[in-house]
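Reviewing the structure listed below.
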Amino acid sequence: MIGCRTDDNISNEKDISVRDAFHYYWEENRLKSFTNWPFSDKNQCNPKKMAQAGFYACGSKDERDLAKCFFCNKELDGWEPDDDPWLEHSKHSKNCIFLKYNGAEDDLTVEEHTELITTYFENVLNKKVASVQAKIQKDFNETLATAKSVKKK
């Protein structure tokens, strides 16, 4: 059964730079990430189909079947040999921009590539902004709590 990760339950994937992460925009590079993938070409969720569906492998030696969509950042684990990557992707992230085009990158127009790239960078920026906002809120709450405890003394 496919498990879905949320932003609150992120993999132990190291924080990589935007430039390095953009490496996974290309199917060829996503495919190269599946060196330790537990499924072979005989299975539906084989490396080629996973990469075609926008995923790259990001698991560890303890969790080899963890894959992440480059475009929507959805992480899925618990893959079964007969799971279809496109179907599972659409079930767990129906608004993923990559699913809209459902095809090979060579078949995309310049406008479609531009939309994918723009959406990717918007998602990255929104995630970074949300992270900074959360840190500011946490710091504010801690400062407020400290001020209240000092005031009581």
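The values are calculated or read from the model by the stated rules, or taken from the named source; none is laboratory data. Keep in mind that what you see is a predicted model, and the values were worked out from it rather than measured. With ideal geometry, Cβ positions are generated from the backbone for all residues, glycine too; neighbour counts draw on all protein chains shown.
Of note:
- Test: residue in the stretch 99-108 that is surrounded by fewer than 11 Cβ atoms within 10 Å (Cβ to Cβ), within 17 Å of Asn29 (Cα to Cα), over 18 Å from the mean Cα position of the chain (by Cα) and touching a residue at least 60 places away in the same chain (Cβ under 8 Å): yes
- Each residue in the stretch 41-62 was checked for being among the acidic types (Asp, Glu) and either touching an Asp or Glu at 6+ places or on another chain (Cβ under 6 Å) or within 17 Å of Trp26 (Cβ to Cβ) (or both), and 0 of them qualify.
- Single unsatisfied condition, Glu88 versus (1) closer than 21 Å to Arg30 by Cβ; (2) modelled with pLDDT under 90: (2)
- Restricted to the stretch 109-137, and to residues there that are among the polar types (S, T, N, Q) and surrounded by 13 or more Cβ atoms within 10 Å (Cβ to Cβ), the residue that is modelled with the highest pLDDT is Thr119.
- If you go through the stretch 72-98 and keep only what is surrounded by 15 or more Cβ atoms within 10 Å (Cβ to Cβ) and not in a helix (DSSP H, G or I), you end up with Cys72, Asn73, Lys74, Glu75, Leu76, Asp77, Trp79, Asp83, Ser93, Cys96.
- Scan of the stretch 69-85 for residues that are aromatic (Phe, Trp, Tyr) and at pLDDT 95 or above, ordered by number: Trp79
- Some residue of the stretch 60-71 being in a helix (DSSP H, G or I), surrounded by 15 or more Cβ atoms within 10 Å (Cβ to Cβ) and either in contact (Cβ under 8 Å) with a residue 60 or more places away in the chain or touching a His at 6+ places or on another chain (Cβ under 9 Å) (or both): no
- Within the stretch 110-131, considering residues that are of a type in the set (S, T, N, Q) and under 15 Å from Tyr25 (Cα atoms), the one farthest from the chain's Cα centre (by Cα): Thr114
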